[in-house]
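A.B. asks: The structure under discussion is supplied below as structure tokens; questions concerning it will follow.
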There are 2 protein chains.
Amino acid sequence: MVNTISHIHCQNCSMAPLCLPKNLSEGDMARLDTIIQRHKPLHKKDLLVTADAPLRYLYAVRSGSLKSYTLDDHGVEQIIDFHLPGDLVGFDALATGRHRSFTQALETTMLCEIPLNSLDDLSAEMPVLRRELMSMMSSELYTSKQLLGSLNNRAADARLAHFLLGLSQRFADRGLSGKSFRLSMTRADIGNYIGLSVETISRILSRLQHENVLLVENKLVEILAMDRLERLAG
Amino acid sequence: MVNTISHIHCQNCSMAPLCLPKNLSEGDMARLDTIIQRHKPLHKKDLLVTADAPLRYLYAVRSGSLKSYTLDDHGVEQIIDFHLPGDLVGFDALATGRHRSFTQALETTMLCEIPLNSLDDLSAEMPVLRRELMSMMSSELYTSKQLLGSLNNRAADARLAHFLLGLSQRFADRGLSGKSFRLSMTRADIGNYIGLSVETISRILSRLQHENVLLVENKLVEILAMDRLERLAG
DNA sequence: CGGAGCCTTGATGACGTTCAAATCGTGTGG
DNA sequence: CCACACGATTTGAACGTCATCAAGGCTCCG
């Protein structure tokens, strides 16, 4: 399952159907491929981008995962996103030309690097690419607003259920199991993201395990009763 | 202060510095202007777009205000956005080509209608317009994610303070008073949006009034102590 | 094998929801 | 123009949920 390091191209990348090139013709994909570079692998806790750093590249996740977060006035971390393979990192920086958040690897992570200037040039010539970029931002926008609504008004177990189902769906989209997966982030990260304390996350996971909705073993989660989890998420 | 109805053009629209044309040259603005149409005025409670309806136009708010919301499985309204003059409505629909939410006028509202096909064509030829579109989406994305973080982990009064400061800033950006403004949405709308009950909104407004941070008279709000409100928002 | 970070579990209390009722404001129709 | 009715807002009281504090156990790596 390991990709050969030597030659990474969109044409043979397993994430292509989810990633920027997903709707491009072969010719267009080849053109996009010429501007894309490899990024050196990140290890757990390595920073990919730092808030305030000038935006030069968008990054596409090839494997692994990352979290994006901001620091509030008191220096407290505030997680705003988790990134999985196929995701693009950097959209929120387009407006100012500088990154607005930190992005850190949660595990060993491989990335592609897309120079922004070249991407802009290409998008003038390739309508499909242009629309794809817009489309990906639009999706992210919708997801983000939806999340705001879904989380704000719901009880703790509904929030966590919603979070797990979201992950499940994203894994399934990537051709992985949506029923059984590994949480690369800590319980504290999850709590920070969905607005609950670590203890509450832990307690709810335990309870859902007791109720045979989930099977939880450390970082590994198996969804035993998808229907009940969905009902919980409301 | 009333705009003449007969001829509305970007070139003489007071919202242009905030809206899509904000960074365009005169020539480019004139080209954009040719594709923009007027939309008939909406009255309070009129729907601008319905979820699932095909996306044909982006809308720019000229005056008035709107709310966007989705309906959850139980038919419960979930507000995801408030739109003020200069805002563009419809970005979240670009991905699917269909609107994903309802958008309803909160008061009498005037809009411009921007046909999506023409906009796409123009953006191929006008790099500045293309980047402006991306930039506006990026801003909205950042705001949305930031909001998620800011709201999720904070106490009720911090949430409301954050909401009021956000509105204040947006009014100020539009050349209106950031200290004294009218809430076109109901308390219930605010509560829905920031995840609190109507009663809590009302109580906190009363308390902030007692503490001389705000002056509240029905829909009218005056910020008396901006610094204390900011400290509250954390 | 040791240690640090991560996770779990229990007890307590504060904050915000919910339920209830009264008042206020707005818009409508007579 | 006024009266009325409905929706919006305010305020009070009781309850429940989740954060916080505290302590112990587990896991993963060096």
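The values are calculated or read from the model by the stated rules, or taken from the named source; none is laboratory data. Keep in mind it's a predicted model, so treat the numbers as computed, not measured. Positions of Cβ are generated from backbone atoms using ideal geometry, with glycine treated the same way; all protein chains shown enter the neighbour counts. With ligands, DNA and RNA removed, areas are computed over all heavy atoms of the protein, side chains included. Shrake-Rupley method; radii C 1.70, N 1.55, O 1.52, S 1.80 Å.
A.B. asks: Rounded, prolate or oblate: which fits region B:33-92 when a ≥ b ≥ c are the square roots of the eigenvalues of the alpha-carbon gyration tensor, with rounded for a/c under 1.5 and prolate only if a/b beats b/c?
C.D. replies: prolate
A.B. asks: Using a 10 Å cut-off around each Cβ of peptide B:191-198, what is the average number of partner chain Cβ atoms that fall inside?
C.D. replies: Partner Cβ neighbours, averaged per residue: 3.
A.B. asks: What average number of partner chain Cβ atoms lie no more than 10 Å from the Cβ of the residues making up A:147-160?
C.D. replies: Numbers: counts 5, 13, 13, 4, 4, 14, 11, 2, 0, 0, 0, 0, 1, 0.
Mean shielding by partner chains, rounded to a whole number: 5.
A.B. asks: Using θ = phi - 60° and the Karplus curve 6.51 cos²θ - 1.76 cosθ + 1.60, what whole-Hz ³J(HN,Hα) does each residue of region B:199-205 get, with Gly and Pro shown as x?
C.D. replies: 4, 5, 4, 4, 4, 5, 4
A.B. asks: Using 1/(1 + (r/R0)^6) with R0 = 56 angstrom and r between the beta carbons of B:Ser202 and A:Thr34, what's the FRET efficiency to the nearest 0.05?
C.D. replies: 0.40
A.B. asks: By how many degrees, 0 to 90 and rounded to 10, does the Cα axis of helix B:156-173 deviate from the longest principal axis of chain B?
C.D. replies: Tilt relative to chain B: about 40 degrees.
A.B. asks: Shifting gears a bit: What dipole magnitude, in Debye to the nearest 20, does the protein assembly as shown give about its Cα centre under +1 on Lys/Arg Cβ and -1 on Asp/Glu Cβ?
C.D. replies: Dipole of the protein assembly as shown, to the nearest 20 debye: 600 debye.
A.B. asks: Shifting gears a bit: So if we plug the beta-carbon distance of A:Asp72 and A:Asn23 into 1/(1 + (r/R0)^6) with R0 = 56 Å, what FRET efficiency do we get, rounded to 0.05?
C.D. replies: 0.90
A.B. asks: Cα centroid distance between region A:78-123 and region B:126-174, in Å?
C.D. replies: Using only Cα atoms to place each centre, the spacing works out to 19 Å.
A.B. asks: Using the scaling law 2.2 N^0.38 Å as the reference, what is the normalised Cα Rg of region A:6-65?
C.D. replies: In units of the globular-protein estimate, region A:6-65 measures up at 1.25.
A.B. asks: Taking the solvent-accessible surface of protein heavy atoms with a 1.4 Å probe, what is the per residue accessible area of region A:2-149 in Å²? Walk me through the intermediate numbers first.
C.D. replies: Values: 6430 Å² over 148 residues.
With all protein chains present, region A:2-149 gives 43 Å² per residue.
A.B. asks: Assign unit charges at the C-beta atoms only (+1 for Lys and Arg, -1 for Asp and Glu), then state the dipole size of region A:1-118 relative to its Cα centre in Debye, rounded to the nearest 20.
C.D. replies: Approximately 300 debye in magnitude.
A.B. asks: How many percent of Cα pairs in region B:154-233 exceed 17 Å? The partial results should precede the final answer.
C.D. replies: Numbers: 1214 of 3160 pairs.
The proportion of pairs with Cα distances above 17 Å equals 38 percent.
A.B. asks: Please report, in whole Å³, the volume per residue of the convex hull around the C-alpha atoms of chain A.
C.D. replies: It is 132 Å³ per residue.
A.B. asks: What FRET efficiency comes out for the pair B:His9/B:Lys179, r = Cβ-Cβ distance, R0 = 30 Å, nearest 0.05?
C.D. replies: Once the sixth-power term is evaluated, E becomes 0.40.
A.B. asks: Further question: What ³J(HN,Hα) values, in whole Hz, does the Karplus curve 6.51 cos²θ - 1.76 cosθ + 1.60 give for region B:228-234 when θ = phi - 60°, with x put for Gly and Pro?
C.D. replies: Result, rounded to whole Hz: 6, 5, 5, 5, 4, 5, x.
A.B. asks: To continue, here is another question. Hey, which of these cross-link pairs are over 29 Å Cα-Cα: B:Lys145/B:Lys179; B:Lys45/B:Lys179; A:Lys67/A:Lys179; A:Lys22/B:Lys40; B:Lys22/B:Lys219?
C.D. replies: In this structure, A:Lys22/B:Lys40; B:Lys22/B:Lys219 lie more than 29 Å apart at Cα.
A.B. asks: What's the whole-number percent of alpha carbon pairs in the protein assembly as shown lying beyond 42 angstrom?
C.D. replies: 17 percent
A.B. asks: Between copies, how close do the B:Lys44 label points come, placed 7 Å along Cα→Cβ, listed in nm from shortest?
C.D. replies: With the label placed 7 Å along Cα→Cβ, B:Lys44 yields 5.8 nm.
A.B. asks: Another question about this same structure. Once amide H atoms are built 1.01 Å from N in the peptide plane, which residues 5 or more positions from B:Asp87, or in another chain, come under 5 Å H to H?
C.D. replies: Long-range HN contacts for B:Asp87: B:Val61.
A.B. asks: Once the label point is set 7 Å along the Cα-to-beta-carbon vector, what list of distances in nm do you get between A:Asn218 and its counterparts in the other copies?
C.D. replies: So the distances to the same position in the other copies read 6.4 nm.
A.B. asks: Okay, next question. Please report, as a whole percent, how much of the solvent-accessible surface of chain B comes from carbon and sulfur atoms (probe radius 1.4 Å).
C.D. replies: 51 percent
A.B. asks: While we're here: From the backbone phi of region B:127-143, what are the Karplus-calculated ³J(HN,Hα) couplings (6.51 cos²θ - 1.76 cosθ + 1.60, θ = phi - 60°) in whole Hz, Gly and Pro given as x?
C.D. replies: x, 5, 5, 4, 5, 5, 4, 4, 5, 5, 5, 4, 4, 5, 4, 4, 4
A.B. asks: Turning to a different aspect of this structure: Note the distances from A:Ala188 to each other copy's matching label point, with points 7 Å along the Cα-to-beta-carbon direction, in nm, sorted shortest first.
C.D. replies: 4.2
A.B. asks: Around A:Ala51, under 12 Å between beta carbons, what's the net of Lys plus Arg minus Asp minus Glu among the other residues?
C.D. replies: Here the charged neighbours net out to -2.
A.B. asks: Would you mind counting up the charge near A:Glu113? Only other residues with Cβ under 13 Å from its Cβ, with Lys and Arg at +1 and Asp and Glu at -1.
C.D. replies: Taking every other residue near A:Glu113 into account, the sum is +3.
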